[in-house]
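Please find one structure pasted underneath; my questions will follow.
Just so it is clear, none of the values below were taken in a lab; they were calculated from the coordinates. Everything numeric in this text was worked out from a predicted model, so none of it was measured. All Cβ positions, glycine included, derive from the backbone under ideal geometry; neighbour counts span all protein chains shown.
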Amino acid sequence: MPSKLSLPLRRRLEQAARAAAQGSYSPYSKFRVGAAVLAGSGKIYAGSNVENASYGLCNCAERTAIFTAAAQGERTLRCVVVYTPTRAPTMPCGACRQVLNEFGPQATVLAICDSDECIETTLDYLLPDAFGPENLLKDSPASSSRKAR
């Protein structure tokens with residue numbers, strides 16, 4: 001799949017994701033992850049994974065980057081780049097895919113690593129028939145049945 005990103009922009013996103021991994025707080029898994037998202041405004045937001053002794057309270061790099069963008073008022077995402085210091089690229093987990101769907105249902109997803117191998121796809125391919133904001137519209141059958149109760 002050919003990238004919709006210019007080569008210089010792709011390189012900036014890759015560099016931001018690699019740099020973000022350096023800030024990873026991963027004392028338990030030792031699995032550093034960095035992510036960078038390209039917002040609709042053209043700005044790049046980065047984040048790393050943050051672990052917690054209560055494992056359920058960990059946050060992935062992708063969600064950290066997305067939440068940072070959202071906190072700055074961004075509401076659309078065009079691309080997410082995920083970097084892991086591994087031989088093979090690692091794709092976003094299901095929770096990250098769902099959160100990405102909220103802001104970029106057709107976003108480009110690029111997974112990179114320490115080898116030349118990379119995976120490039122789109123979120124709608126990774127999360128087909130996703131549940132999203134359109135499922136919660138006021139005129140949906142679910143909201144109509146709630147009104148009847």
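Taking 0.36 nm per residue of separation and subtracting the Cα-Cα distance, what length does fully extending residue 68 through residue 118 add?
Using 0.36 nm per residue and subtracting the Cα-Cα distance, I get 15.5 nm.
Same structure, new question: Using Cα-Cα distances under 8 Å and only pairs 6 or more residues apart, what relative contact order does the chain have, in percent?
18 percent
Looking at the chain, I'd like the Rg to Rh ratio, where Rg is from alpha-carbon atoms and Rh is Kirkwood's inverse mean 1/r.
A ratio of 1.03.
Hey, could you get me the Stokes-Einstein D for the range 46-129, Kirkwood radius over alpha-carbon pairs, 37 °C and 0.692 mPa s, rounded to whole µm² s⁻¹?
Roughly 249 µm²/s, to the nearest whole number.
Please give the peptides 14-27, 76-89 ranked by average Cβ packing (other Cβ atoms within 10 Å per residue), highest first, as a rough proxy for protection.
The most tightly packed comes first, giving 76-89, 14-27.
Sticking with the crude label model, points 7 Å out along Cα→Cβ, report the distance from residue 57 to residue 98 in nm, one decimal please.
Going by the 7 Å Cα→Cβ label model, 2.0 nm.
Which residue, 32, 75, 97, tops the fluctuation ranking in a GNM of the chain built on C-alpha contacts under 10 Å?
Among 32, 75, 97, the largest mean-square fluctuation in the Gaussian network model of the chain belongs to 75.
Run the simple label-point estimate for residue 137 and residue 88 please: 7 Å along Cα→C-beta, distance reported in nm.
4.1 nm
Stretch residue 75-residue 11 to full length: gain in nm at 0.36 nm per residue minus the Cα-Cα span?
Gain on extension, residue 75 to residue 11, equals 20.7 nm.
Another question about this same structure. Across bins of 5 angstrom width beginning at 0, how are the C-alpha pair distances of the range 5-89 distributed, in whole percent?
With a bin width of 5 Å, the distribution comes to 3, 17, 26, 23, 17, 9, 4, 1, 0.
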